[in-house]
Structure formats: structure tokens, C-alpha cells
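Read the figures in this text as sums done on the coordinates, not as results from a lab. Quantities reported herein were computed from a predicted structural model and do not represent experimental measurements. Quick reminder, even Gly has a Cβ in these numbers, built from the backbone with ideal geometry, and neighbours come from all protein chains shown.
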Number of protein chains: 2
Amino acid sequence: MKKLAMGIDIGGTNTAFGLVDEEGTVFCESVISTEKYKKFDDYKAYVKALCEAMHALIGSVSFEFELIGIGIGAPNANYHKGTIETPANLWKFRDDEPNPDESRRMFNFVDDIKASFPNVMVAITNDANAAAIGEGVFGSAKGMKDYAVITLGTGLGSGIVSNGEMIYGHDGFAGEYGHIMVDSRATGRDCGCGRKGCLEAYASATGIKRTAFELMAKMSNDSELREIPYSKFEAVMLSTAADKGDAIAKEAFRFTGEVLGKALADLVATTSPEAIILFGGLAKAGKHIFEPTKWYMEEHMLATFKNKVKLLPSGIQGKNAAILGSSALIWQKVIAK
Amino acid sequence: MKKLAMGIDIGGTNTAFGLVDEEGTVFCESVISTEKYKKFDDYKAYVKALCEAMHALIGSVSFEFELIGIGIGAPNANYHKGTIETPANLWKFRDDEPNPDESRRMFNFVDDIKASFPNVMVAITNDANAAAIGEGVFGSAKGMKDYAVITLGTGLGSGIVSNGEMIYGHDGFAGEYGHIMVDSRATGRDCGCGRKGCLEAYASATGIKRTAFELMAKMSNDSELREIPYSKFEAVMLSTAADKGDAIAKEAFRFTGEVLGKALADLVATTSPEAIILFGGLAKAGKHIFEPTKWYMEEHMLATFKNKVKLLPSGIQGKNAAILGSSALIWQKVIAK
């Protein structure tokens, strides 16, 4: 019988899920709103809606198949515990809950899904780790045992694989490479984590936007970017402008590549991967971001590692990458057997 | 029958080796000069002398035992290939060798030892990885699956263990944490690797000595350290001076702890270890180095990891640490079975 794994991607706005086979084909997919369930006490209603929608999706498949597992990618997910902890962008909490410390709240998400799918393997990890496993099972890192995936979206996430295994770390939260400090001075940029100077404040879709605004203040070149207010500015506009030779956009990519390239040279010194894969919105800028990143990475590389490490685009992006990545959490275990 | 593993530690001056049991007891040990064999064409003579000395040591044991393996720790050793590559401080090369590129020269050390010990498991890794495995098998990281060992000697070495396995990386050279860049500006300190601003130029026995000399120039406090020329200065003198309240020595430790603590916070964000173990000469300074390092590590830590990661002294240092560490390379494999 055909085997399929369910992949679920929980985002702040929507939760997407789909059924994926061993080859990485998504047979069907669906979506529910995450945003709708952000009020107090909505978590249970969210889980109920998600499970019902998954059962409906499974019922809609026209052929017989075996559901071999459910893989979930979510912000702040803990692989070891099966929980989602401190989900700032997801569900709020009741005021009368016993533990008033919001910073330590957690949801037993795997258990709550298992309650509705009792005999199915369920596993969860954070979205960047899911992307990394997806690249290993279906994408650019197929067959590699040592590689890293860097997701360049609103923030910078990372999933690092060594000896064929995801580095989850002792507490399940490893791979926060977006929060290495690249500028610990008082002038370092504010980061969403409450500190200053983290890598993701520079090397991410948000980071390059901040750089562009700094450069509009610093440089005197004409630029169509000067017509766009901060609140409407998107990183993709920099690709369009750079394509036309816009000096500010080009400098924004060069600077971002410098910060990211140096940080990747440090990552290579630490874990010596076969390849680093750039994933996510900013990675779609192609050569604009890959060329300076590669150049600065090699420029700062310890001699031992020079010209050894591939810098690759995602092999799953665009193909329901997040659903593929989450389902790969299951396929990885099945294939490993 | 009693089982023993041989541990070999190849240093630039001496090569020490000894027989170690499963509990980490060193039954006997011996040493040959490495330095004596640094002339052209001496490598073969060195291997011959080492193997003879090992056979002699084995012959000297008064009880019957099984030699279960030979573990080797050496600079620039490659676990995957069994080689020692570009050993700047070890053997020189003949002028008439076919490959004139010194930067890529390598010795097939494991094969050369196996030739003299044909039916014995032989494994090699770099000295910092050997220390890390030693801490895992016999020392402060016993029972841990995710930890890092930082060796603070002449340079800074590191061995990172995740999911119970050493991170060797794709090419076998991972764990060069001494060469992450902490100051990539032109003012960054020269590093032995040819670049500027590497962590080990600040956080190592040599690094803190350099800091002390910078501080003697910067600060006007009286200090007995001002009597010692650079060429005679040793890091241990800073411990002695700090014990007496010397302001320059205390500031040197604070600054070193700041640089190292920040770098360890980044390492935690990347690999989330249960503990980080400080090993080597500078770690012997105890509270002088541990206290500022711990403080700055926590100060710069991402909230998720705050107050979770132990900073521990070595559990094998002083007890023939290097021999224990190298032998642990064998015991680790045997115990894992």
C-alpha cells in the first residue's frame, strides 16, 4: 500500500498541511488560519480545528494509503519534549492558568495531536530544522551527512546536521545561529530577542531592509527606493532595484553578504559542513546575495576550509517547502530504518 | 583477561604514551622526543622509534592483558583519513619529495602504526578532540551526549560532541573554534593562522599574555608584571599576580573572560550543550578565568539558554590528561558496543 506522511507547517498567520510520499510529491494540501485562534483560551479550539481538517484531507484522498506519521514544523518547537514553548506569535493564554510566567509556558503539541491520531508517529521540530531535514531528504543536501541550512526570512534560522543527525542540543533548542552576536557594541542593532547586534538583525529579509534605510541616510545616490516608506518596504524590492543597477540596493546586498559570509566562515570553522544551503525569502535574491556571501565567506575562511564548502540554493523551495520539510521529519526516520 | 588501550599524545617537544584501562587508570607510561626527529627525512625514524618504545612498554607490563587498540591525539590529525596533515611543528620533509606543496603534505600515521601493530584498532584525532572524548569517557562530561571542551593552551582548541558523537565535520577538521573571528577589523590581533582577530589570539595562554602587555601600555598601575620581559612571560604569572590583587592581572582576566564568554554564548546558541568544559593551562587559573567567563557568557546568552549551561573545569586534567584522552578514543568505541 502507498505510504504517505503528513507535514504540518505552523506559521503565525496560517497553518498549512499536506500528504507527502517518499519521493517528495505533495498529493494534497490544505490550510487553516492560525491567526483566528490567537485569543485567550483558543489553543484547544485550534487543535480541534486542525485535527478535523487533517481528517478531512485524509478522507479526500481517492486511493488507499497508509499514514506513516505526522511531522510538524513550528516556531519554538522542542523536538525532545514534543512541545511548543513561549510561542509569542501563536496562542495566548488564560489569565487563570496556574503558571503565571509567560516566558516558560508550553503546549504539549505532539500529545495533543496524538490524541486524535492515536496509532501514528508524531514528531515536531522548529521550522528551520524542518527545512534542514527537508533539504536532506528531498533537496540540495540529499546524501550529505554534514551540512547546514540557513533560513533567511523575517529572521535567520538554522538547522545544522552533523554525522547524519540534526543537532538539537541538550535542551532541544540548538541551531539558533541567528542569535550569534556579530556586533556586541552599544551601536549594535536591536534584535527581537531583546539583545543587540545579533546576526539576524543584519542577515535576514528584515535585516537587509534595515541596511537599505541606513544606506539611504548615508549615501547620496538617487534611488527609486527613496519613494517607499519603511512600513511598505519589502526585501524583494531590493532585488528588483539591484537588477537595474541601483547603487543603494547593490551596497545593501554587499554589506549583508559581508556580515553573513563572515558568520558562515565561523560556522564552517565550528562544524565543517560539506555544504551550506541558503533558504527563504532573501535567498530568492539569487546572485545578489549568493555572490557577496560566498566571496566574504571565502575571504574570512581558515585556510584548511578554503574552497571546500559549497554554498547552495534550496532544492525544495517553492515546492511547498515547509510541508515537505515537516513531512521529512517522518520520512527521515522511516528511510533510516 | 584485563583489557588495556594505548593512548599516544604527540606534542611538538615530546610524544607521551601509556596503557589505560576502562576506569581511566594509567598502568604505565613512557615518552620519546618528537623534537629530535624534526630534521628532513626523520619521519620514518620517528615512527620506528615510537613503535619500538611502545612494544617495550607493552613488554614491561607484569600481567597478561589484551591490547584493545591504540588511540592517538596529534595536531592537525584527521580522524576520517587517519592522517596528520601539514604538521608545522612536527616533521619536516625531504626536498626531493614529489609534491612540493608543503601546505598539503600529509602523513598516513594510522597506517604506519598499524604496520607495527597489525591486528590492533588504531584511531587518531586532533588533541582537542582527544581531550573532549577523554572528558566524555573519564572526566567532567561522563554520561553527557551534548557538550563542548575548550582547550586553553598556547592556542584555543575545541571538541564539540552532539548526539553522543564528536563533530568531525565533512573533512574531519571541525571544531576549530579558536579560529572564529572575534575582531575582523584591521586592528584585530595577528593570529598564527595568518588572519587577524581570531578567538585564540585573545582567549588562550598566549592571548592573555598579549592582553597583559597591552594593559601595561594602557594602564598606569604599579605591577610586578612590569619586571618581566615578553619572552620570559608566562600566563601562570598572571594567576599569581591576580591572587595578590594586581590590577593589571585582574583586568587581563576580566577582558579574556569577556571575549571568551561572548564566544561561548555564541557556541551555546549554535549547539546548545549541557556543559562547556575549560581545559588546559589557562583553565588552571581557576576562578580568575571561570568567574568572568561565566558572567559574560550569561550576560550575552539568548534568553532560551540562560542559566542552563554548566561551565566546568576538566575532570581529567593533571591525571595524564592527554594520554587518557587519546586512549578514550578507543574506549569510547569499545564501550559503545
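Taken residue by residue and averaged, Cβ atoms of other chains lying within 10 Å of the Cβ of B:260-267 number 3.
Using the Cβ of B:Gly257 as centre and a radius below 9 Å, the other residues enclosed give a net charge of 0, where K and R count +1 and D and E count -1.
By definition, a body whose alpha carbon gyration tensor gives a ≥ b ≥ c is prolate when a/c is 1.5 or more and a/b is larger than b/c, and chain B fits this prolate description. The length gained on full extension between B:Lys142 and B:Asp183, counted as 0.36 nm times the residue separation minus their Cα-Cα distance, comes to 11.3 nm. All other residues with a Cβ under 14 Å from the Cβ of B:Thr151 taken together, and with Lys, Arg as +1 and Asp, Glu as -1, what is their net charge? Once positives and negatives cancel, what remains is -4. When the pairs B:Lys2/B:Lys48; A:Lys333/B:Lys333; A:Lys319/B:Lys333 are compared against a 32 Å limit on Cα-Cα distance, A:Lys319/B:Lys333 fall above it. Annotation: amide H-H contacts under 5 Å for A:Lys3 (H modelled 1.01 Å from N, sequence separation of 5 or more, or interchain): A:Glu66. Across segment B:156-173, rounded Karplus estimates of 3J(HN,Hα) from the backbone phi angles (6.51 cos²θ - 1.76 cosθ + 1.60, θ = phi - 60°) give 10, x, 8, x, 10, 10, 10, 6, x, 10, 4, 7, 8, x, 4, 9, x, 10 Hz, Gly and Pro being marked x. The phi-based Karplus calculation (6.51 cos²θ - 1.76 cosθ + 1.60; θ = phi - 60°) puts the 3J(HN,Hα) values of segment A:279-292 at 10, x, x, 5, 5, 5, 5, x, 4, 4, 9, 5, 4, x Hz, whole numbers, x for Gly and Pro. Taking 7 Å steps out from each Cα toward its Cβ at A:Trp295 and B:Ser30 produces label points 5.8 nm apart. With a Förster radius of 35 Å, plug the Cβ-Cβ distance of A:Cys51 and A:Glu165 into 1/(1 + (r/R0)^6) and report the FRET value to the nearest 0.05. With a Förster radius of 35 Å, E is 0.70. Cα centroids of segment A:151-170 and segment B:123-175: 20 Å apart.
Counting only aspartates and glutamates at least 8 places from A:Lys308 when in the same chain, those with an alpha carbon closer than 18 Å to its own are A:Asp146, A:Asp266, A:Glu274, A:Glu291, A:Glu298, A:Glu299, B:Glu85, B:Asp101, B:Asp171, B:Glu176. Scoring A:292-299, A:132-139, A:277-284 by mean Cβ neighbours within 10 Å over their residues and listing the highest first yields A:132-139, A:277-284, A:292-299. Label-to-label distance for B:Val61 and A:Glu23 is 5.7 nm, based on points extended 7 Å past Cα in the beta-carbon direction.
Computed over chain A with a Gaussian network model linking Cα atoms closer than 10 Å, the most mobile of A:Ala212, A:Ala49, A:Ala203 is A:Ala49. In the structure shown, the pairs A:Lys145/A:Lys294; B:Lys196/B:Lys218; A:Lys284/B:Lys306 are assessed against 30 Å; a Cα-Cα span above that value is assigned to A:Lys284/B:Lys306.
Label-to-label distance for B:Asn221 and A:His80 is 4.0 nm, based on points extended 7 Å past Cα in the beta-carbon direction.
Here's the picture: charge each Lys and Arg Cβ at +1 and each Asp and Glu Cβ at -1 in the protein assembly as shown, and of B:Val31, B:Ile277, A:Gly71 the one pushed furthest to the positive end of that dipole is B:Ile277.
What is the protein assembly as shown by shape, rounded, prolate or oblate, if you read a ≥ b ≥ c off the alpha carbon gyration tensor as root eigenvalues and call it rounded for a/c under 1.5, prolate for a/b larger than b/c, and oblate otherwise? Prolate, because a/c is 1.5 or more and a/b exceeds b/c.
Using 0.36 nm times the number of residues separating B:Val120 and B:Lys310, minus their current alpha carbon distance, what extension gain do you get? Computed gain between B:Val120 and B:Lys310 is 64.7 nm. Per residue, chain A reaches -10500 deg cm²/dmol at 222 nm when only DSSP H runs of four or more residues are counted, each adding -39500 (n - 2.57). Under the shape rule built on the C-alpha gyration tensor, where the axes satisfy a ≥ b ≥ c, segment A:247-337 is oblate, since a/c reaches at least 1.5 while a/b does not exceed b/c. 3J(HN,Hα) along segment B:238-247: 6, 5, 4, 5, 5, 4, 8, x, 4, 5 Hz, from the Karplus curve 6.51 cos²θ - 1.76 cosθ + 1.60 with θ = phi - 60°, whole Hz, x for Gly and Pro. Here the scattering of segment A:144-313 is modelled by Debye summation over its C-alpha atoms, one equal scatterer each and no solvent; at q = 0.09, 0.15, 0.16 Å⁻¹ the log10 of I(q)/I(0) is -0.30, -0.81, -0.91.
Looking at segment A:194-261, the GluC sites (Glu not before Pro) that sit in a DSSP loop and have at most 13 other Cβ atoms within 10 Å of their own Cβ are A:Glu234. A point 7 Å from Cα along Cα→Cβ stands in for A:Tyr230, and the other copies hold the same point at 4.7 nm, listed in rising order. Net charge near A:Lys2, counting Lys/Arg +1 and Asp/Glu -1 over other residues with Cβ under 15 Å of its Cβ? My count for the surroundings of A:Lys2 gives -4.
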